[in-house]
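Okay, so here's the structure we're looking at.
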Amino acid sequence: MKRILAIVAVAAFSTLLSTAVASDSGQGWWWVSKPFKYFQGTYEMIASGSCIHSENGYDDQHSPLPGKVYAGTTVANGTWIFNRGGKGSYSFTNYATILPSADATPPLGIRVLIRNNLPFTYEITPFGDITVHAGGIDLVGSISIDRNTMTLLSANQVQKFDSPLWFTICNTARTLIKVDD
């Protein structure tokens, strides 16, 4: 009789616990299984990378097609604001050093590009892997478990700009540090 009573008590307790978890609406128990559900925050970014610009685009192996081609290295800083629900905005200043080439257009030198309040969308897996859709490319990376740091990488994705940027591939690594909720 004691065994039957123990089994019934465990079954009843399990049913109550399951009901509580199912009706939780993401406020307590689900936080464990969906730790980034309420993700948000303002992050400061530092980035570096390199870009290759091709007047006529690229082939399937990302080699520039014949025409004017030039390369440059970049560093950038900026602010990314992640809002709940998978949307946000970012602003940045990019400093590019145009490297020598047979036909450098624009001429060799330092270029500064400033952009403000550009929109983006993002998705996060339960494991903290993030994909940000910004500026026509996907940035992939990871968020630390404490949500204080993030890495984002863009690699081998072609973007189309007006002259003199043309078709551009930038391989850029970004580190973002949380500065505000």
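Applied to the stretch 168-173, the Karplus parametrisation 6.51 cos²θ - 1.76 cosθ + 1.60 on θ = phi - 60° returns per-residue 3J(HN,Hα) values of 10, 10, 10, 9, 10, 10 Hz, with x for Gly and Pro. Local charge for residue 47 was computed over the other residues whose Cβ lies under 15 Å away, with Lys and Arg +1 and Asp and Glu -1, and equals +1. Evaluating 6.51 cos²θ - 1.76 cosθ + 1.60 at θ = phi - 60° for every residue in the stretch 49-64, the Karplus couplings come out as x, 9, 10, 10, 10, 10, 4, 10, x, 9, 8, 5, 9, 6, 8, x Hz, glycine and proline recorded as x.
Bear in mind these aren't lab numbers, they're just calculated from the coordinates by the rules spelled out. All figures in this text were calculated on a predicted structure; none of them were measured in a lab. Neighbour counts are summed over all protein chains in view; Cβ atoms, including those assigned to glycine, are modelled from backbone coordinates with ideal geometry.
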